[in-house]
Amino acid sequence: MAPRALQETAVRYFLEVVKTGSVKEAAVKLNVAPSAVSRQVARLERELDTLLFERHARGMVPNAAGELLAAHAKRAQQDIERVANEIAGLRGLRSGHVRVASTEGFAFDFIPRLIAQFRLKHAGIRFHLEVCAPADISRLVRDGETDVGITLSALPEPGIEVELRHPSPILAVMAMDHPLAQQRQLSLRQVVAYPLGLPQEDSSIRRLLDASCSRQELRYELAMSSNHANSLLSFAAAGGGSIAFYGPLSIRTLLQSKALVAIALKDREMHERHLAIETMAGRSLPDAAKAFVRFLVDAVKASG
């Protein structure tokens, strides 16, 4: 049973306009003509006898009636998906679709490996992994646009169920031949004597590093910054005395390759970070997503 077959075309087109903020963008996503989208939205407005959008030069924003319809339609869509997956689940976990949203660090290695391991037992389950900024993950979960979110340092939010909150300390990462590579533990006072490769200022690593350096009146040399975490790891692996920062789960495979070494930091701020596994509060997940969430929680707990 395909969930889309159970949905009214006009409502589906309406939701895409809400999501994209544009008839033209919605038409591209839906692979139809813009006129078809406009007709379906107009049909809804005619049948409901009310406007659903505020139309601006830069796009379309749902008004109060549009917001109400969108919330109802999303719940109905989730119910349809859940029923379709439950029907498929009568045959066991042989089919289904799980949507995962993750920050970049976990998406590089940890989550893809877990998906591959999960599919060894449940080969019929399909996955979509969306890489997002931490600030976007809770919104996607809350809006039902993803089944499970994996993020960092998230504070509890309305509409979010935190399935697991697990420590994710920040490690100093460097080449095997770095002068500090043989140390079992480091302080930031030792680390800032070397050039650093850092993520952008809004990242959890950068915020905690800056807070700790400010408290201790430490200054550091920013040798390279990037919005791509793996670029910073390559920078550190290339040598030259540079140091980057990463979490333990995200870097596990690279450490096994012996290209890099990761060392724990003594400074308290570098331990004030947690991994959070999120689902929508009150939502009954499809069986495949529910099973993957359990698998994910168990894997994180087993990591120590």
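The values are calculated or read from the model by the stated rules, or taken from the named source; none is laboratory data. For clarity, every value in this text was computed on a predicted model and none was experimentally measured. Using ideal geometry, Cβ is built from the backbone for each residue, glycine included, and neighbour counts are taken over all protein chains shown. SASA here: full protein model, heavy atoms, side chains in, ligands and nucleic acids out. Shrake-Rupley method; radii C 1.70, N 1.55, O 1.52, S 1.80 Å.
Under a 1.4 Å probe, what is the accessible area of region 3-87 per residue, stated in Å²?
Solvent-accessible surface per residue comes out at 61 Å².
How large is the helix-only mean residue ellipticity at 222 nm for the chain, computed as the sum of -39500 (n - 2.57) over DSSP H runs with n ≥ 4, divided by its residue count, in deg cm²/dmol to the nearest 500?
One gets -13500 deg cm²/dmol as the mean residue ellipticity at 222 nm.
Give the peptides 13-20, 119-126 in descending order of average Cβ contacts within 10 Å, highest first.
13-20, 119-126
Separation of region 252-299 and region 145-219 by C-alpha centroid, Å?
A separation of 14 Å, based on Cα centres.
Return an integer: the convex hull volume of the alpha-carbon atoms of region 3-87, in Å³ per residue.
Given the Cα convex hull of region 3-87, per-residue volume reads 88 Å³.
Heavy atoms only, probe 1.4 Å: what % of the accessible area of region 171-271 goes to carbon and sulfur, would you let me know?
About 46 percent, which is the carbon plus sulfur part of the accessible surface.
Please calculate how many Å² of accessible area region 171-271 carries per residue, with a 1.4 Å probe and no DNA, RNA or ligand atoms counted.
50 Å²
How high is the relative contact order of the chain, in percent, with contacts defined as C-alpha pairs under 8 Å that are six or more residues apart?
For the chain, the relative contact order is 22 percent.
When ranked by the protection proxy of mean other Cβ atoms within 10 Å per residue, highest first, what sequence do the peptides 135-147, 224-236 form?
Packing order, densest peptide first, comes out as 135-147, 224-236.
Of all the accessible heavy-atom surface of region 3-87, with the other protein chains kept in place and a 1.4 Å probe, what percent is carbon and sulfur?
Within region 3-87, the accessible surface is 51 percent carbon and sulfur.
Quick check on region 171-271: of the DSSP beta bridges with both residues there, what percent are antiparallel, nearest 5%?
55 percent
If we restrict to alpha carbons, what Rg and Dmax does the chain come to, in Å?
Answer for the chain, Rg first and Dmax second: 23.0, 72 Å.
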